[in-house]
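Data first, discussion second: the structure below is written as structure tokens.
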Amino acid sequence: MSQSEQYERARSDTDGDWHSRPLEDVYADLQTSRDGLDPEEARARLEREGPNEIEASEGTSPLRILLEQYTSALIWVLIVAAIVMAGVGHLIDAGVIAGIVVFITLFGFLQDYRAEQSIQSLKEMSTTYALVSRGGEKREIDATKLVPGDVIFVESGDIVPADARIVEESNLSVDEAALTGESVGVSKGVGDVARETSLAERQNMLYKDTVVERGSGTAVVVETGPASEIGQIATALEEAEDRDTPFQAEMDSLGKLIAVGVVGIVSIIAITELVIGDTAPLQVFLTAVGIAVSAVPEGLPAVVTLSLALGARRMAEKNALVRRLPIVEALGSVDVICTDKTGTLTEEEMTVQRIVTNRETYEVTGTGYDTDGEFLRDGDPVDEDRVTEVLRCGMLCNNVDVGTRERDEADDEDAAVDVGAEERTYLGDPTEIALFVAAQKAGFDHDELDEAYPRIGEVDFTSARKRMTTVHETPDGGTVAYMKGAPETVLERCNRELVDGEVVELTDERRRELEAQTESFGEDALRVMGFAYRPEVPDSQTENPDENLEEELVFVGLQGMLDPPRPEVPDALAGCLDAGIDVVMITGDNAVTARAVGKEVGLQSARVITGPELEKMSDEKLAEVVEDVDIFARTSPEHKTRILQTLQEKGHTVAMTGDGVNDAPAVKNADVGVAMGIRGTDVTEQASDIVLLDDNFATIRDAVRGGRRIFDNVRKFVNYLLSGNGGEVTMIFTGTLAGLGLVITPIQVLWINVVTDGIPALTMGVDPAADDIMEREPRPPDEGVITERIVTSIVGIALFMTVCLLPLFTLNFYGELIPGYDVTGALLGWSPGYDVGRELAQTMVFTGFVVFEIVRIQAIRFRYGLGIFSNRWLVLAVGVAITLQLLVLYTSTGQLLFDVEPLAFVHWTQIGVAAIVFALLMAVFVKVQDRYFDRY
């Protein structure tokens, strides 16, 4: 049997329990060895297994995006109208309607396509190269070409390219937060573990897309691509369906409602005209098309798309990348934000804040990885010599690597600060980086210190020992051992203490004082490390030190460090609370740390629930308390999903943040899924609606504010467009039943809806936010864009438009029935001298609608506290709309296309008087509405 056949048979018999098998069996099943695969065999396996990549969604094709523009019922009403117009010989009208359809769909296509391109450009491979052994030789290959049986090498800072069983390791620690949600690094080893061991506790395994914090290791690849742990989650995620936002569902329902309404109204008119009246069939068709066109808010799809796109662009400028345009609107209804702590509320940069040494406590200023800072006692600067020994110990007993690289080549996972055109990059555990930076604040230079105290031995840190010891030569030719670790493990190895340069006895009373000091630091959310040294290391412990070295040490001090809250977070969180949005922190850290951080950022939770407590709760009990809890600590990603579902069942609209792979289901199922752009995984980004490019909670607050503003603007122009269209329908319907025929032509209605209405409506999408926008309570989940107030507005405005415009048509139209009699002139006291006919009467209604809509715009905006000149683009748009209408009225081309007559001063006077009456009616109507409805 060939190697390939043996491999295929062995693989078919496996069930993924690679962690529990003896290493020799793993090699046998994978038909490989410590030298790795033969290059030819690797190529053969690559053909069978496929590339080592997760098949991310390729996005929506341009053709599909284009076809999706034709799924709207509104578009199909227009298409039918164009077909009818062409069928009755009105080719110009049919052409204009068809042109409008093309414009709307093309505009929507361009916006959706650009959004899709932005999404696709965001997706990048997390790993590009991997170091492998092929045929006994090390070589660097494209990580997508890894196959089961490959032997790989990883070291500090690497992203693990595939699931693999560890063969050898040296002080290896891996950050598996992307997969398990656990923020503390996991120490790795070689030995077997039990079959039932959970994923987070499999210390002999490496998993794709996790990050090596420190040390190095060799491992044999066991699963790649979709078969990896991260791949299986991504595959399951693909099966979840995208959920329409409430606004999408509402617009879809509105389109269907309008389509049904059009059919109903047209049917009534057709029956009335054909059965009761003597109107010609052609006229009936034209009337039907006129009503159909007037009922459809043609500009609405374009206005909605542009408004959402502009809002998304504005949010992207503020570091929130929107992956689905309609979700922008959903942001405005969010009433609960479930947020991570690390990197979202905090800087994700551990910082030493307090030092205990020489039996005194010192404050350390500065945050993050900035090396500027001072050492204070009771608020006053102290000589750095007072903290020298504890800082020297922290820098020497440390495995942080330092380097520089070009900014655009810096890894997101690396901690970095700017150094001119390059970045200084710290590779290692965040705790060790904090100790390293604290020493730099005191003027220590790592290279100089390492040269003066070269390391000659080390006793590794393990999760069981909770301490680490390094052995160094001293400048005078001697040796010294430095230790750091959990305070209790360091103190148990010490019998003396260094105080003001002298070594004194470490008494039991002093131990209790240090233990109390450690507990006090913990209550302030500080992570505490203890430090000690041993002078004069025995010769037997210099080259191959072991735990026997860690005896009779001299205690030096404590360092307490904190991942500080982002400075802008307290104000942002307070802004959310003022806006009626509850903020819930969900973290993997312990309850003490979580409560302390919550207190600093403004979460005054009376109750903190931990993951173990959550697991013991029934769904009913969780539902009882979930609204009273601001902090969930020691949680896993699975807990996130349960918390989310409980909040949604309670009727809340929830935004959920996430970065790890296991966060993806919760992010996917949230009303608004928010992924972290810096530390987030590709799978989580694909599951999200919004990607935070700066991982900052304040950006979520800004996004919610932007969402509310966009929703206000959508509601304004929906009100504006639908009330205008309602007026057109009522006017045509009333005129037809009154025997006046078409009071306005279909092509004139299209012009109003798309141009003289559409252009101002577009600019309403960039209206500034109302002053009280973040002081209102979130919208109820079941409240749509179209409220009862807007419905009454549509009906009321439609009636007012008809009442004010129908007399204009009647006075001018009936002038043709009395030859030589000028109705307008007679009413105004002027002498008769010309006839006024249908075409002029239609022109009066046509232009009257344009003027009325301009008046209507400001009436709507006034309720939001917006003045006439608060939006310069709207002022410009109104000017353009008026100019275009004048071109239609006073150019031969416009008169030919739209069947209009030029208006004289007397006609403009009539329209002006009607507009004033219309404005007064609206003012009274708004006062009446204010008594029965909310302001918006």
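The values are calculated or read from the model by the stated rules, or taken from the named source; none is laboratory data. Please read all numbers here as calculations on a predicted model, not as lab measurements. Ideal geometry is used to build each Cβ from the backbone, glycine not excepted, and the neighbour counts take in all protein chains shown.
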Can you tell me which residue in the stretch 632-679 is surrounded by the fewest Cβ atoms within 10 Å (Cβ to Cβ), limited to those that are closer than 23 Å to ARG708 by Cα and of a type in the set (Ser, Thr, Tyr)? THR653
Among the residues of the stretch 682-727, write down those that are touching a strand residue (DSSP E or B) at 6+ places or on another chain (Cβ under 7 Å), part of a helix (DSSP H, G or I) and among the polar types (S, T, N, Q). THR684, THR699
Would you call LEU558 closer than 22 Å to PHE521 by Cβ, at pLDDT 90 or above, crowded, with 20+ Cβ neighbours inside 10 Å and over 21 Å from the mean Cα position of the chain (by Cα)? yes
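Of the residues GLY36, GLY50, which single one is surrounded by fewer than 16 Cβ atoms within 10 Å (Cβ to Cβ) and not charged (D, E, K, R)? So that I can check it myself, show each step before the final result.
Details: GLY36 fails: surrounded by fewer than 16 Cβ atoms within 10 Å (Cβ to Cβ).
Every option except GLY50 fails the conditions.
Rundown of residues vs (1) in a strand (DSSP E or B); (2) touching a residue at least 60 places away in the same chain (Cβ under 8 Å); (3) crowded, with 19+ Cβ neighbours inside 10 Å, yes/no style:
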site: SER133; (1), (2), (3): yes, yes, yes
site: LYS138; (1), (2), (3): yes, no, no
site: ILE141; (1), (2), (3): yes, no, no
site: VAL154; (1), (2), (3): yes, yes, yes
site: PRO161; (1), (2), (3): no, yes, yes
site: ALA164; (1), (2), (3): yes, no, yes
site: GLU168; (1), (2), (3): yes, no, no
Could you please let me know if ALA655 is out of contact with any Ser or Thr (no Cβ under 6 Å at 6 or more places or on another chain), among the aliphatic types (A, V, I, L, M), part of a helix (DSSP H, G or I) and over 24 Å from ALA200 (Cα atoms)? no
Please name all residue pairs, on different chains or six or more residues apart, with Cβ atoms under 9 Å, provided the first residue is in the stretch 220-232 and is in a helix (DSSP H, G or I) and the second residue is modelled with pLDDT under 90 and of a type in the set (Ser, Thr, Tyr). GLY225/THR144; PRO226/THR235; ILE230/THR210; ILE230/THR681
Residue that is modelled with the highest pLDDT [pool: residues in the stretch 119-128 that are surrounded by fewer than 18 Cβ atoms within 10 Å (Cβ to Cβ) and over 18 Å from ILE230 (Cα atoms)]: GLN120
Restricting attention to the stretch 626-634, does a residue exist that is assigned to a helix (DSSP H, G or I) and either without any contact (Cβ under 8 Å) to a residue 40 or more places away in the chain or in contact with a strand residue (DSSP E or B) (Cβ under 6 Å, 6 or more places away or on another chain) (or both)? yes
Top-ranked residue of the stretch 433-466 - restricted to ones that are touching a helix residue (DSSP H, G or I) at 6+ places or on another chain (Cβ under 9 Å) and at pLDDT below 90, ranked as farthest from ASP401 (Cα to Cα): ARG465
Selection status of THR730, part of a helix (DSSP H, G or I), more than 16 Å from LYS341 (Cβ to Cβ), in contact (Cβ under 8 Å) with a residue 40 or more places away in the chain and of a type outside the set (A, V, I, L, M): yes
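Does SER57 meet the test of being modelled with pLDDT of 80 or more, touching a helix residue (DSSP H, G or I) at 6+ places or on another chain (Cβ under 9 Å) and polar (S, T, N, Q)?
no
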Could you say which residue among VAL356, VAL352 is within 23 Å of ARG595 (Cα to Cα) and either crowded, with 20+ Cβ neighbours inside 10 Å or touching a residue at least 24 places away in the same chain (Cβ under 8 Å) (or both)? VAL352
Regarding the stretch 134-150, can at least one residue be identified that is more than 22 Å from ARG45 (Cβ to Cβ), at pLDDT 70 or above and of a type outside the set (Val, Ile, Thr)? no
Starting from residues that are within 27 Å of ASN719 (Cβ to Cβ) and in contact with a Gly (Cβ under 7 Å, 6 or more places away or on another chain), keep the ones in the stretch 881-936 and report whichever is surrounded by the most Cβ atoms within 10 Å (Cβ to Cβ). VAL888
Looking for something at pLDDT below 85 and more than 22 Å from ARG861 (Cβ to Cβ) - is there at least one such residue anywhere in the stretch 770-780? yes
Output the residues belonging to the stretch 884-908 that are among the β-branched types (Val, Ile, Thr) and either closer than 19 Å to VAL96 by Cβ or at pLDDT 95 or above (or both). VAL888, THR891, THR893, VAL900
Hey, does the stretch 768-791 have a residue that's surrounded by fewer than 24 Cβ atoms within 10 Å (Cβ to Cβ) and under 20 Å from GLY264 (Cα atoms)? yes
Answer yes or no: is there a residue in the stretch 911-922 that is within 20 Å of GLU839 (Cβ to Cβ) and in contact with a helix residue (DSSP H, G or I) (Cβ under 9 Å, 6 or more places away or on another chain). yes
Hey, ALA525 within 27 Å of ASP370 (Cα to Cα), surrounded by 14 or more Cβ atoms within 10 Å (Cβ to Cβ), in contact with a helix residue (DSSP H, G or I) (Cβ under 7 Å, 6 or more places away or on another chain) and at pLDDT below 90 or not: yes
